[in-house]
Each structure stands twice: as C-alpha cells, then as structure tokens.
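Scroll down for the structure; my scribbles are underneath it.
The values are calculated or read from the model by the stated rules, or taken from the named source; none is laboratory data. Keep in mind that this is a model prediction, so the values were computed, not measured. Reconstructed Cβ throughout: ideal geometry from the backbone, glycine too, with neighbour counts over all protein chains shown. In case anyone asks, the SASA skips ligands and DNA or RNA and just uses the protein heavy atoms, side chains included. Shrake-Rupley method; radii C 1.70, N 1.55, O 1.52, S 1.80 Å.
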Amino acid sequence: AQSVAQPEDQVNVAEGNPLTVKCTYSVSGNPYLFWYVQYPNRGLQFLLKYITGDNLVKGSYGFEAEFNKSQTSFHLKKPSALVSDSALYFCAVRDGYSGGGADGLTFGKGTHLIIQP
Amino acid sequence: SQTIHQWPATLVQPVGSPLSLECTVEGTSNPNLYWYRQAAGRGLQLLFYSVGIGQISSEVPQNLSASRPQDRQFILSSKKLLLSDSGFYLCAWSGWELRGETQYFGPGTRLLVL
C-alpha cells in the first residue's frame, strides 16, 4: 500500500520570504510524485511531478520540489512567496513499479499555505 | 488543448433521492478517467477509475456507482443518497505518457445532502 504524509495542516510565510511545504511518502516500488494546488471551491491544478532524473523538479508559478530518496521526501519550495500563492496544496504519489496504467493517485491531507502581506 | 467539464457545479439533494453527476473531456481520445471525493475541504479519496468504455474499477465499496457510456464521458450515480455522500466530487483525466501519467482535474461538483 502507498501513503502520503503532509505533517503541517497550515504553513504561514511572510510575502517575499522562501516557503517550504513538506511531504513524505511510502511506496513499494518506484515513486511517481506530484504536487497540486487548490483554490477555494475549485478543482486541483497540477504544479509539477517527479518521475525520474534530476532530483530538483521545476514547475508552474515558480514552484520547485526536491526529491530525496533516502528521506522519502518531496518537499515543495519557492524562493520568494507571493500573497497569491495562498491556497491548499496537495502532495500525491503513485507506485510506478507496474509501469503505465490507470491507477489512481494517493493524496496527502493537504497543507494550507497562508502568505501574509 | 484538452478541457474537462463537470456539471452541475452545485447540487442540493434530499436524503434518499437519486444522483447523477456528469464529466466530459474534450480534445483527447481514450483517456483514463477518475472520480474522487473530497470531504470537508481536505484529502481526496479515489472512488472509481476507467480505462475505456464500459470498464469501471471501484476503489471503495459504497453507495455510489460509475458508468462510462462514451469514450469521453464519465458518470457518477447513486440510487439513494445518504447524508455521508455530501462532499466535493472531482473528475480527472489522464492521457498516455511514457511514464507517470499526469492527472488533470475538472472544476468539481459540490454536493450537499440534507
């Protein structure tokens, strides 16, 4: 079974400061890792994903995430936060051991990111 | 480009009434389709997924069912709604990529069962 943990329900950051949203995962095979953002009463928007290759993945809106295999982590980062980054962020994982397929994603519970002006 | 639609956007239904939520995808063929439920603004739970017409896999046994009558149409149904069916229902699609197919989500349907 696969699982995702987002240990912080809420992260508060001052505008202009760097931000980190934490995510750890557990899968039996190779992890396919994703970050999504959700604004109030909206669907999820894809930010970035890690499949293989460089451990630092760059995505939309200036976000990036670092894959750390030894720590089984995939933390989301941004060098300088904007007030408009305030939203609910989800980390998700799928076991890539079986290769391609339609398996659903396993999501964390989400982290509210609040950027203070 | 691909787009995904869901309707209705909001729905208020009495307990015991039937349900039909619809999801359609444009701009792609033979997508994988998914239904998720999000309760209380947190945590998504996979309900159903489909790899083709008439092919439905259920992840969680419950009061709901899904059907895929056309390639790009995915329907979530219930014969009798329960209070616990309230939530935010999200449809998603993924295409065929080399690995790690990305799922793209629709705008969602907010269901309130009273």
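Summary table below
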quantity: Other-chain or far-sequence residues with amide H under 5 Å of A:Cys23's (modelled H); calculated: A:Phe74, A:His75, A:Leu76
quantity: List of the stretch A:51-96 residues, accessible area with partners at least 10 Å² below that of the chain alone (1.4 Å probe); calculated: A:Ile51, A:Thr52, A:Leu88, A:Phe90, A:Arg94
quantity: Rh by Kirkwood over Cα pairs, then Stokes-Einstein D for the stretch B:3-113 at 0.890 mPa s and 25 °C, µm²/s; calculated: 175
quantity: Compactness index (Cα Rg / 2.2 N^0.38 Å), the stretch A:3-116; calculated: 1.02
quantity: Spatially near lysine pairs across the protein assembly as shown, Cα under 21 Å, sequence gap of 8 or more or different chains; calculated: 18
quantity: Karplus (6.51, -1.76, 1.60) ³J(HN,Hα), θ = phi - 60°, over the stretch B:43-56, in Hz, Gly and Pro reported as x; calculated: x, 8, 10, 6, 9, 9, 9, 9, 9, x, 4, x, 9, 10
quantity: Mean projection area, nm², convex hull over Cα of the protein assembly as shown; calculated: 12.6
quantity: For the protein assembly as shown: accessible area per residue (Å², 1.4 Å); calculated: 46
quantity: Neighbouring partner chain Cβ atoms per residue of A:104-112, average, 10 Å criterion; calculated: 5
quantity: Whole-number percent relative contact order across chain B, with pairs defined as alpha carbons under 8 Å at least 6 apart; calculated: 35
quantity: Rounded percent of accessible protein surface that carbon and sulfur make up, the stretch B:16-96, 1.4 Å probe; calculated: 53
quantity: Interface area, A with B, accessible, probe 1.4 Å, both sides summed, Å² nearest 100; calculated: 2000
quantity: Lys, Arg +1 and Asp, Glu -1 on Cβ, resulting dipole of the stretch A:3-116 about Cα centre, debye, nearest 20; calculated: 100
quantity: Protein-only accessible surface order, largest first, of B:Arg110, B:Arg68 at 1.4 Å; calculated: B:Arg110, B:Arg68
